[in-house]
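Data first, discussion second: the structure below is written as structure tokens.
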Amino acid sequence: MSKVYFLGAGATKAVAQSAPLNDEILETALFESGYEEISEEIEEIQTFLKEVFHDKKNNIPRLGDILSFIDFSIREKTISIKNYYYEDFIKIRNSFVRLIAIVLRNNLKNLNSSATDNFVRNINENDSIISTNYDIVIDNALLSIKKNTNYGVKIRQNILPVELSGDQIRAVPLLDMLLNQGPIKLLKLHGSLNWLYCPKCDEIDITLRQKGIAEYLNLNKEYELLCLNKYCTSHYEPLIVTPTKFKIYENRILNKIWEISKERISKADEIVFIGYSLPEADTEIRCLILNGVNMAETKPKITFVDKPGGSNDINNYNRLFGEVNHMPIGFIKYIEEEM
């Protein structure tokens, strides 16, 4: 019997209580201390919010609405809105990406690693994990317990930055046999904080056990991390799909991950959703799941591991799937009692 474990932000929240959900990320950075390293980005974001939205601190816009507007403006190649041109929208989006990365890094330090280790320890080799999360909580558990990590697509190298002459910093490869191995695929639909993408090489390099986007990429500075290929002049970019209604999945690597995810869903006997609300705004993901389910010879069992006591999210599952095994026990108890 094969299972697909589908993890949302609630799964991380269950093992790291301080981890903010999407709607809490912006408020955390704007109103809490400890974010001096992104003070420039925060100032740019505050100015943008005041100009385009408003400056009411007690009722800031939802992160998804802000990023949806930015992505819409980029897609439409908006000429000018409140003195923001196309390049300005690209820059402010990069500021949000860095903010998200830093907030998640700072708030995932007190992690219940025993729970994630036990989760990974009890997964069968013919099972798969699909995740919408950027964090590397499950990635690190796979490295710790299974001694390998397999993202479903080929990762070129594990890297480390090395300072060159002047202000140039180039990545260099670290020999590591942990990549691209292991039967359990971790399929990250929205990218990952430890993925660094070279647009010229069209390759992903990785920072094992480190959130490379937060640690190594300063997206608004003149000098950034150069690709490890000494013949390449490109800087790395994050490969992150932000929480927006205009999600962009045009990247070759993300497309491949989605194809594999659909194939895994189509062959699963059971799909276990953990900490994922199945929101209507996630149209592409809902279609991906339905496509995979309807490709299956036998309809898989649908299990929704809800937070303790339950939530209204079960309504989303009932509407889409009809018959759902609802388990309002939380991720931790599911690991302890059901795996």
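Table for the structure above
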{"quantity": "Matching residues, region 39-68, being among the basic types (Lys, Arg), part of a helix (DSSP H, G or I) and over 17 Å from Asn83 (Cα atoms)", "calculated": "Lys57"}
{"quantity": "Test: residue in region 105-117 that is outside any loop (DSSP other than H, G, I, E, B), among the hydroxyl-bearing types (Ser, Thr, Tyr), closer than 30 Å to Glu337 by Cα and at pLDDT 90 or above", "calculated": "yes"}
{"quantity": "Residue match in region 163-172 (condition: in the same structural domain as Arg264 (by TED's automatic domain parsing), surrounded by fewer than 21 Cβ atoms within 10 Å (Cβ to Cβ), in contact with a helix residue (DSSP H, G or I) (Cβ under 7 Å, 6 or more places away or on another chain) and not in a strand (DSSP E or B))", "calculated": "no"}
{"quantity": "Candidates Gly309, Gly322, Gly330 - the one that is on the phi > 0 side of the Ramachandran plot and either surrounded by 16 or more Cβ atoms within 10 Å (Cβ to Cβ) or among the acidic types (Asp, Glu) (or both)", "calculated": "Gly330"}
{"quantity": "Residue match in region 255-274 (condition: buried (at least 16 other Cβ atoms within 10 Å of the Cβ) and at pLDDT below 95)", "calculated": "no"}
{"quantity": "Failed condition for Thr12, given (1) modelled with pLDDT under 90; (2) in contact with a helix residue (DSSP H, G or I) (Cβ under 7 Å, 6 or more places away or on another chain); (3) surrounded by 15 or more Cβ atoms within 10 Å (Cβ to Cβ); (4) within 30 Å of Ser114 (Cβ to Cβ)", "calculated": "(1)"}
{"quantity": "Any hit, region 2-24, residues being assigned by TED's automatic domain parsing to the domain that holds Met339, outside any helix (DSSP H, G or I), closer than 30 Å to Tyr334 by Cβ and charged (D, E, K, R)", "calculated": "yes"}
{"quantity": "Tally of residues being farther than 26 Å from Asn22 by Cα, modelled with pLDDT of 95 or more and part of a helix (DSSP H, G or I) across region 119-144", "calculated": "1"}
{"quantity": "Test for Ala29: is it touching a residue at least 40 places away in the same chain (Cβ under 8 Å), assigned to a helix (DSSP H, G or I) and of a type in the set (A, V, I, L, M, F, W, C)", "calculated": "yes"}
{"quantity": "Meets criteria (modelled with pLDDT of 90 or more, buried (at least 18 other Cβ atoms within 10 Å of the Cβ) and aliphatic (A, V, I, L, M)) for Leu228", "calculated": "yes"}
{"quantity": "Per-region count, region 172-187, residues modelled with pLDDT of 90 or more and aliphatic (A, V, I, L, M)", "calculated": "3"}
{"quantity": "Of the criteria (1) under 16 Å from the mean Cα position of the chain (by Cα); (2) in a loop (DSSP other than H, G, I, E, B), which one Phe96 fails", "calculated": "(2)"}
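Matching residues to (1) in contact with a Pro (Cβ under 7 Å, 6 or more places away or on another chain); (2) surrounded by fewer than 17 Cβ atoms within 10 Å (Cβ to Cβ); (3) aromatic (Phe, Trp, Tyr):
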| site | (1), (2), (3) |
| --- | --- |
| Arg75 | no, yes, no |
| Lys82 | no, yes, no |
| Tyr85 | no, yes, yes |
| Ile92 | no, no, no |
| Ile100 | no, no, no |
| Arg105 | no, no, no |
| Lys109 | no, yes, no |
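Residues checked against (1) among the charged types (D, E, K, R); (2) modelled with pLDDT of 90 or more:
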{"position": "Asn22", "(1), (2)": "no, no"}
{"position": "Ser33", "(1), (2)": "no, no"}
{"position": "Ser39", "(1), (2)": "no, yes"}
{"position": "Glu43", "(1), (2)": "yes, yes"}
{"position": "Thr47", "(1), (2)": "no, yes"}
{"position": "Lys50", "(1), (2)": "yes, yes"}
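The values are calculated or read from the model by the stated rules, or taken from the named source; none is laboratory data. Predicted model, so just to flag it, every value in this text is computed and none were measured. All Cβ positions, even for glycine, are placed from backbone atoms using ideal geometry, and neighbour counts span all protein chains on display.
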